[in-house]
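Shown next, in C-alpha cells, is the structure this report addresses.
Derivation of every value follows stated rules applied to the coordinates shown; laboratory data play no part. Quantities reported herein were computed from a predicted structural model and do not represent experimental measurements. Cβ atoms come from the backbone with ideal geometry, glycine included; neighbour counts cover every protein chain shown.
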Amino acid sequence: MGKRMAICAVAQIKNDAEYWHLRFQNMLLGCFESIMEQTKVTFDMEKGIRNIITCSDDLFDARTISDNGITDVVGAHFRGEEKMAQESINGLGYAMASILSGHDDVILFMGHCKESQGESRRMISNLAYDPFYSRPLGMDYHNVDALQARAYMEKSKVTDEHLAKIVVRSRQNAKKNPYARENKLVNEQEVLNSPMYADPLRELHIYPVTDWAYGMLLCCEDRVQEFTKKPVWVTGYGSCMDRYFLGDKDLASNFSLNNASKRAYEKAGIKDPKKDIQVFELSDHAAYQLPMWAEGVGIADEGKGGKWIDDGGMDKFNVNLSGGQLNGNPLLLGGAARAMECYYQLSGQAGDRQVKGAKRAVAQAATGGAGQHQAVIVMEA
Amino acid sequence: MAEYWGVKVEDIFNSMQERFRPEGAKDLDTVFGYDIKDEGKWKLTVKDNKIKIEKTDDLSGSVATMQADGETFVGVNTGNVDATNAFMGGKVKVEGDMAAFGKTGKLFRKFVIAQKEMTTKDYLADMFATIVPRFKVSEAAGLDASFAFDLGGPDGGKWTVFIKDNVCTVTATIEGKPTVTLEFNDAKDYVDFILGKIDSQSLMAGGKAGAKGDLNMMASKWPVLFEKYKDPLAGNVPQQELIVLKKTIGLNEKFSTGPIMGKFLKGLKEKKIYANKCPQCGRMQLPPREVCADCRVRVNEIVEVGPKGEVRYMDIVYYAMPDPLTGAVRDTPYGGINVLMDGCKGNETLPHFIRKDQIEKIQMGWNEKKGTRVRPVWEENRIGDIWDIKYFEIDE
C-alpha cells in the first residue's frame, strides 16, 4: 500500500435552497474560521498553510477566475492558491498529489457554490457543450441525463417505482443529517405523480438547487498529530474522463466509473468492495444514478440495478445515509459533500445515521452530463 | 501568351467559374463563343443555373460569338478599355444573336486585377483619393469640421479633410486650425491601422500615434462619415466562405450584497461613505469587506470617512468601455481617480470618476505631494448604488 493523506478537520455551512442574505464569501468565512478553531493551524510559511486549493465555477459565480473573489476569506493572500473548476472531489486528488509528493505538508481545501444566484442551472450546463452543434440542440445536464436514464433503466430493469423508492429514502435519510438541505418528506405516490422534466426524469428525481460551502484541512501522515487526534485517511484516488461527444459513447455503460474505482481500489488495497467497504456515498444528481453508480463501484452486479434495489442493496451497503446528492448539494461540490459524510462516519461523528464500526468508506463523484467524468476516493478510519 | 495590364486572356476565362453569378443565369439555356485573335477560342455553355467554360476549336452551336484581339478583350474586362467605344470602333464584333450575347454581362462578377503588392505610398494615395467617394453625405448634416492627418516617416505626408455644407473636400496640406489632428510617427502604422492590422490602443499606448483637438470627433464621428476603406489587394483573393455563428450568451443573476457591502451601499443612499477598520492592523477598506485579508480576521468596525479627499491615483480613458450591467457606453474620454478620503491614509483609496470638464486639471498626489482636493457630487434620487455618487469634482 502507498502513502496516505489525512483529513484533519472539516467544516460546512448547512445546505440551503437560497442564502439570499449572504454573498458566497460570507458562506465560506464561517467554514474557514471553524477549521482554524478546530486545528489551530497557522499561516507560518514553514510550518503552516502555504497552499490553498479552492473549488468554484466561473459560470455559477458569474465572474471570470471565480477564485479571485474569495481569496481574502479563505486566508489565501501572500501564498499559493489554486482553483479546481471541475468536481470538488478532484481537489482532494490534487491535494493528495501535493502532499504525497512532499511538496506541501498542509493544505487548506475550501469550496463554494451559490446555485441560487443564477436564473437557470440548465442554461449554465448548456454552456458546457460545444457552441456549434450540441448547444443549439439545447443539451443540458438534465436532458442528457434523461437520455442515459432511459438507456440504463432499460438495461438494468430499473422502473419508475424504483426511482420513487430512491427519492423517498433520500429525503428520509437527510432528516438525520443536520447539514442536509431541508426538504419536504414525500411518499412514493407523490414522486410518481411529480411532473416530467425530461422523460423518464421527473422533477423530484433531480437534485434541487442548493447553496453550500465547506472547508477541510488536509495534512501529511508525519505531522497529523499537530492538528487532530482523530484523522481520517484518504488511501486511494482514481478518476476517468469518458468521451466528450454524446454520440460517441454507450450511455448505459459504466466504463468511466469502472475505471476510476478500479484505480482507487488498487491504490487502497481493496480486493472486494462488497466486503471491504462499509459506507458508500454516491453522487446521484438524478435518482437513476444511484443504482447505476452502485453497479459502477462494484456493489451491484452489472445490469441488475433494479433487482439490487428490490433486494435491499441501498441499506445493505449503507449507500447515501446522508441523503446523497439527490437531497441537495451544489452540482460541482457533490464529491466534497460525499467525502465529508464519509469523514463523519469514519470518525464516529455521524450521529443518528452512524454505521457502527465503519472502517472504510468510498466517496464517488461525477462531472458533466451522463456521468462523463468520474472520480472515486477510498477513505479509512 | 501576352499580358495586358498584367493580365492574360486565359486569366479572364479561367476565373469565370469563380466569378459566376447563378442569379444572372436564370432561365438561360444557351452557348456563347469567344474567338480571341492569336489566343484561341473558348466556348461558354449556360444551363440549369450552371456554366461550363472550355477552350476548343469548335464553336458550332453558339448563338453568338464575340471576336476581339487580346488587348481589347482584356482591356474591356478589366475596365481599361471602354466597351462601347471598342464596339463602335469595330475592335469588338459579335456574330449571331447580338441581344442574346448582351446577357453575358450579368453572368459574371467584375474581374479585378490582381496587384502583386502596394507600397505605403500607394496605399496613402488610394486612401485619400477614395475619401470623397466614400463620404456619406447623409451623416454630415449641419457638420462643419476639418480632420487633419500628420503622417511622418519616409512615405508620410499631410492631408486635411474638410466637411462643410454637406460637401467633403481633401487637400494635401494642413491648413488653418483643424477640429482634430491625428499624428502618426510613421505613416506605415497609419496604413496598417486602417487595414486593421494594428489597433489604435496599442499605437497610442506605444507612443506611436496621438491626437490633438476634439478626439471624440475622430473616434465617434469619422467612422460613420465614411464607408470603410477597402483594401484593393483583398478583393483579388478568392474569398473562402467564413462560417460565423453569432451568439449572445446571457444569464440573469441575482447577486447578494451580504451585510458588509449592504451597509456601504445603504450609506451612499444617505450621502455617507463608509469604510471598515481592521481591529488588528487598523487599515481601512473601501468599499468595506468581510475580513482583513492581511490579518485574517473579521472586520466589523464601520467608520464614516470623507466625504472629501484628495486624488491619489488617476488615469484618462479614451476607449468607451461599456458598462457590463447596462450596456451603456461611457462618454470618452473619462477620468478615473482613486480618492484618498479624509480619515484614510496610504493606499486606502476609493475609486470613482472625476467631473468630465475637470480631467485636465487634476493632479495626482505622490508621497509628500498633495493631490487635488475633491468632493463627491451626489445624485438626487439615490438607490444604494455606486452611481449615487455621480462623480467627484474639485473642492474649491
Self-check item: Reference-scaled alpha-carbon Rg (2.2 N^0.38 Å with N residues) for the protein assembly as shown
Solution: 1.32
Quiz item: What are the trypsin sites (Lys or Arg not before Pro) within the stretch A:189-260 that DSSP puts in a loop, where the Cβ has at most 15 other Cβ atoms within 10 Å?
Solution: A:LYS229, A:ARG243
Quiz item: Highest GNM mean-square fluctuation, chain A, Cα pairs closer than 10 Å: which of A:SER88, A:SER253, A:SER322?
Solution: A:SER253
Practice problem: Counting only DSSP beta bridges with both residues in chain A, tell me the antiparallel percent, nearest 5. | Solution: 75
Quiz item: If you look at just the Cα atoms of chain A, how large are its Rg and its Dmax in Å?
Solution: 19.4, 59
Quiz prompt | Gyration tensor (alpha-carbon) shape descriptor, the stretch A:145-274, a/c threshold 1.5 | solution = oblate
Exercise. Sticking with the crude label model, points 7 Å out along Cα→Cβ, report the distance from B:THR326 to B:ASP199 in nm, one decimal please.
Key: 2.4
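Under the definition of partner shielding as Cβ atoms of other protein chains within 10 Å of a residue Cβ, what is the mean value for peptide A:113-123?
Values: counts 0, 3, 0, 2, 6, 4, 5, 2, 0, 0, 4.
Across the residues of A:113-123, the mean count of other-chain Cβ atoms within 10 Å is 2.
What is the local net charge at A:GLY269, summed over the other residues whose Cβ is closer than 12 Å to its Cβ (Lys, Arg +1; Asp, Glu -1)? Numbers along the way, then the final one.
Values: positive: A:ARG4, A:LYS267, A:LYS271, A:ARG360; negative: A:GLU266, A:ASP272, A:ASP276, A:GLU380.
Its environment carries a net charge of 0.
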Quiz item: How would you rank A:47-56, A:209-218, highest first, on the average number of other Cβ atoms within 10 Å across their residues?
Solution: A:209-218, A:47-56
Self-check item: Neighbouring partner chain Cβ atoms per residue of B:246-255, average, 10 Å criterion
Solution: 5
Quiz item: For chain A, modelled as a GNM with alpha-carbon contacts under 10 angstrom, which of A:SER125, A:SER256, A:SER134 fluctuates the most?
Solution: A:SER134
Self-check item: Proximal lysines to B:LYS370, defined as alpha-carbon separation beneath 20 angstrom and excluding residues fewer than eight positions away on the same chain
Solution: B:LYS308, B:LYS345, B:LYS361
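How much net charge surrounds B:ASP388 when only the other residues with a Cβ under 13 Å from the Cβ of B:ASP388 are counted, with Lys and Arg +1 and Asp and Glu -1?
Neighbour charge sum, excluding B:ASP388 itself: +2.
Order these peptides, A:150-161, B:247-258, B:90-101, B:157-168, by their mean beta-carbon neighbour count within 10 angstrom, highest first. Provide the component values of the computation, followed by the final result.
On the way: A:150-161: 17.9, B:247-258: 12.5, B:90-101: 14.6, B:157-168: 16.2.
Answer by packing, highest mean first, reads A:150-161, B:157-168, B:90-101, B:247-258.
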Quiz item: Any idea which of B:ILE302, B:PHE255, B:ASN80 is furthest toward the positive side of the dipole for the protein assembly as shown, if Lys and Arg beta-carbons carry +1 and Asp and Glu beta-carbons -1?
Solution: B:ILE302
Self-check item: Above-threshold pairs, the threshold being 21 Å between Cα atoms, out of B:LYS121/B:LYS197; A:LYS3/A:LYS274; B:LYS26/B:LYS50
Solution: A:LYS3/A:LYS274
Quiz item: With r defined as the distance between the Cβ atoms of B:ARG375 and B:CYS295 and R0 fixed at 22 Å, what FRET efficiency is calculated, to the nearest 0.05?
Solution: 0.10
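For B:VAL167 and B:ASN367, calculate 0.36 nm times their separation in residues minus their Cα-Cα distance, and state this gained length in nm to one decimal. Numbers along the way, then the final one.
On the way: separation 200, 0.36 × 200 = 72.00 nm, distance 5.41 nm.
Answer, rounded to one decimal: 66.6 nm.
Write out the chymotrypsin sites (Phe, Trp or Tyr not before Pro) in the stretch A:245-311 meeting two conditions: DSSP loop, and at most 14 other Cβ atoms within 10 Å of their Cβ. Could the numbers behind the result be given before it?
Details: sites: A:PHE245, A:PHE255, A:TYR265, A:PHE280, A:TYR288, A:TRP293, A:TRP308; in loops: A:PHE245, A:TYR288.
Filter output for the stretch A:245-311: A:PHE245.
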Quiz item: Is the shape of the stretch A:235-380 rounded, prolate or oblate, going by the alpha carbon gyration tensor and its root eigenvalues a ≥ b ≥ c, with a/c under 1.5 for rounded and a/b larger than b/c for prolate?
Solution: rounded
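Could you give the size of the charge dipole of the protein assembly as shown about its Cα centre, using +1 on the Cβ of each K and R and -1 on the Cβ of each D and E, expressed in debye and rounded to the nearest 20? Can you show the working numbers first?
Details: 101 positive and 109 negative charges, 379 e Å.
The calculation lands at about 1820 debye.
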Quiz item: When the dipole is taken about the Cα centre of the stretch A:236-326, and only Lys, Arg (+1) and Asp, Glu (-1) are charged at their Cβ, what size is it in debye, to the nearest 20?
Solution: 260
Practice problem: Find which of A:MET27, A:MET45, A:ALA11 sits farthest along the positive direction of the dipole of the stretch A:1-55, computed with +1 on the beta-carbon of Lys and Arg, -1 on that of Asp and Glu, about the Cα centre. | Solution: A:MET45
Practice problem: Return the average number of partner chain Cβ atoms within 10 angstrom of each residue Cβ along peptide A:19-25. | Solution: 5
Quiz item: Got the relative contact order for the stretch B:201-347 handy, in percent, Cα pairs under 8 Å and 6 or more residues apart?
Solution: 15
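Treating only the Cβ of Lys, Arg, Asp and Glu as charged (+1, +1, -1, -1), what charge dipole size does the stretch A:84-242 show about its Cα centre? Round to the nearest 20 debye. Show your work: numbers first, answer last.
Numbers: 18 positive and 21 negative charges, 109 e Å.
Around 520 debye, computed over the stretch A:84-242.
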Quiz item: Residue farthest toward the positive end of the dipole of the stretch B:137-290, with Cβ of Lys/Arg at +1 and Asp/Glu at -1: which of B:LEU182, B:ALA275, B:ASN166?
Solution: B:ALA275
Self-check item: Listed residues A:THR235, A:THR64, A:THR367, most fluctuating in chain A (Gaussian network, C-alpha, under 10 Å)
Solution: A:THR64
